[in-house]
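Undergrad: Got a structure for you, questions after.
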Amino acid sequence: MGNRLGPATATALAVLLAAGCTWSDPDPAPAPTPTATAPTAPASGSAPLRSEHVTVHPERTVWWGGRSFALQDLVVSEQTGDRLGYELVLRIDTASPVELAVPFPRIVLESEGRVVADSRADSTTPQRYEPGSGTVHTMLWGSAPAGEPVDPDGLALVLTDSVPGSARAVLPVGDRGPEQVALAPVPLRPSAATLDTGRFHWGVVSAQLRDDTTGSTAVLRDNDVTVNHHSRVLRGLKQGQHTVQVLFDAPAGTIGDLLGWQLTLPDGRQVAPSVPVTLTTYPDRTDRVSLAAWFDFYGDTAGTYTLRAADGQRPDDPAVLTLVAG
């Protein structure tokens, strides 16, 4: 592998992307990707640069911020001054029925648990993403771990955020990487297709057990105008923390906080919503809105969840839904 890279399988990298992320558009109207802060690229010296495409597994997928990420390509290139460049191509799918607002994840490459490159993104400001798919190209600058030759097949791609202790999605790049931590949502099967209590008759769209992100009370603004109801705002969970997310479909103008909410966990504990249940508008409908309830907790997740919601005018007649994995 030489003293830095394995045998080069390609000629010198023709163009290195500027530090940060750029977005290509294979599908209609994907949302723009925020630029990640990264160290300045080292100046090229007179010595020729070598690069190689690393064999990746594009079928491996991890989740962060309510979106899925798959590594499509990785090019490792030598730089001057014992530096390495890591060019990544990520496929991102946003399956949400409404627009999401979440910080772009911090992107880290690790080798045997040691950081070799880091996007160093430290922003917690939510960015808006429309439903759909797209491709992100990003360039990270780093080095071989502890000055040793880097093993591209042993690298791991880690997605997290800037808050210490946040959940980490881990995607092994090759065959000698660590175990995958996908943070994939687990579907929960509701016992009924509607939630009916007092004045409220809502459709139950989906229920999931999630380990990546949950609802947020962060204020999202465009041109000094609060636009939270146009985007579903999310924040990262802590490691070991879970949330049950339930999505509803309701008539326009519905206010979720007029209901009393309670989720009974499989171990009998009862939790209230972690943030207010508020509406989010659909991108292509004006007569209906989407509502989300999140219930954060620590502990075991296996078993049956029971959701109760009651009209404040008729608290003794709640709607009851059971939610079961599978």
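Undergrad: When residues of segment 100-145 are filtered for being in a strand (DSSP E or B) and among the acidic types (Asp, Glu), how many remain?
TA: 2
Undergrad: Here is a further query. Identify the residue in segment 283-311 that is without any contact (Cβ under 8 Å) to a residue 60 or more places away in the chain and farther than 23 Å from PRO185 by Cα and, among all such residues, is surrounded by the most Cβ atoms within 10 Å (Cβ to Cβ).
TA: For segment 283-311, the residue satisfying everything is ARG288.
Undergrad: Hey, another quick one. Got a sec? Which of PRO126, PRO152 is open to solvent by less than 20 Å² (accessible area, probe 1.4 Å), in contact (Cβ under 8 Å) with a residue 40 or more places away in the chain, within 22 Å of GLN241 (Cα to Cα) and touching a Leu at 6+ places or on another chain (Cβ under 9 Å)?
TA: Only one candidate qualifies: PRO126.
Undergrad: Do the conditions hold for PRO105, that is, is it out of contact with any Asp or Glu (no Cβ under 7 Å at 6 or more places or on another chain), crowded, with 23+ Cβ neighbours inside 10 Å and not polar (S, T, N, Q)?
TA: Answer is no for this residue.
Undergrad: Got a number for residues in segment 102-155 being under 19 Å from GLY65 (Cβ atoms), of a type in the set (A, V, I, L, M) and modelled with pLDDT under 90?
TA: Matching residues across segment 102-155 total 1.
Undergrad: So, in segment 304-326, of the ones that are in contact with a Lys or Arg (Cβ under 9 Å, 6 or more places away or on another chain) and assigned to a strand (DSSP E or B), which residue ends up farthest from PRO266 (Cα to Cα)?
TA: Step by step, filter segment 304-326, then rank; the result is ASP311.
Undergrad: For segment 316-325, name all the residues that are touching a strand residue (DSSP E or B) at 6+ places or on another chain (Cβ under 6 Å) and open to solvent by 40 Å² or more (accessible area, probe 1.4 Å). Spell out how you get there, then give the answer.
TA: First, pick out the residues of segment 316-325 that are touching a strand residue (DSSP E or B) at 6+ places or on another chain (Cβ under 6 Å): 318-325.
Scanning segment 316-325 gives PRO318, VAL320, THR322, VAL324, ALA325.
Undergrad: Here's something else I'd like to know. Can you pull out the residues in segment 176-226 that are free of Cβ contacts under 8 Å to residues at least 24 places away in the same chain, among the hydrophobic types (A, V, I, L, M, F, W, C) and either open to solvent by less than 20 Å² (accessible area, probe 1.4 Å) or touching a strand residue (DSSP E or B) at 6+ places or on another chain (Cβ under 8 Å) (or both)?
TA: ALA193, VAL219, listed by residue number.
Undergrad: How do the pairs read when you match residues in segment 159-173 that are farther than 16 Å from GLY113 by Cβ and among the hydroxyl-bearing types (Ser, Thr, Tyr) with residues anywhere that are part of a loop (DSSP other than H, G, I, E, B) and open to solvent by less than 40 Å² (accessible area, probe 1.4 Å), using Cβ under 9 Å and keeping only pairs 6 or more apart or on different chains?
TA: Once the first residue is farther than 16 Å from GLY113 by Cβ and among the hydroxyl-bearing types (Ser, Thr, Tyr) and sits in segment 159-173, its partners that are part of a loop (DSSP other than H, G, I, E, B) and open to solvent by less than 40 Å² (accessible area, probe 1.4 Å) give SER162/PRO103; SER162/ALA121; SER166/LEU237.
Undergrad: In segment 267-282, what count of residues is obtained for those that are open to solvent by 70 Å² or more (accessible area, probe 1.4 Å) and modelled with pLDDT under 95?
TA: Total meeting the criteria: 1.
Undergrad: Hey, another quick one. Against the condition at pLDDT 95 or above, out of contact with any Ser or Thr (no Cβ under 6 Å at 6 or more places or on another chain) and under 30 Å from ALA309 (Cβ atoms), how does ALA184 come out, does it pass? Quick ask: steps written out before the conclusion?
TA: Numbers: at pLDDT 95 or above: yes; out of contact with any Ser or Thr (no Cβ under 6 Å at 6 or more places or on another chain): yes; under 30 Å from ALA309 (Cβ atoms): yes.
Yes; evaluated as a whole, the condition is true for this residue.
The values are calculated or read from the model by the stated rules, or taken from the named source; none is laboratory data. Since the structure is predicted, the reported quantities are computational estimates derived from the model, not experimental observations. Glycine also receives a Cβ, built like all others from the backbone with ideal geometry; neighbour counts cover every protein chain displayed. What goes into the accessible areas is simple: the full protein's heavy atoms, side chains included, and nothing from ligands, DNA or RNA. Shrake-Rupley method; radii C 1.70, N 1.55, O 1.52, S 1.80 Å.
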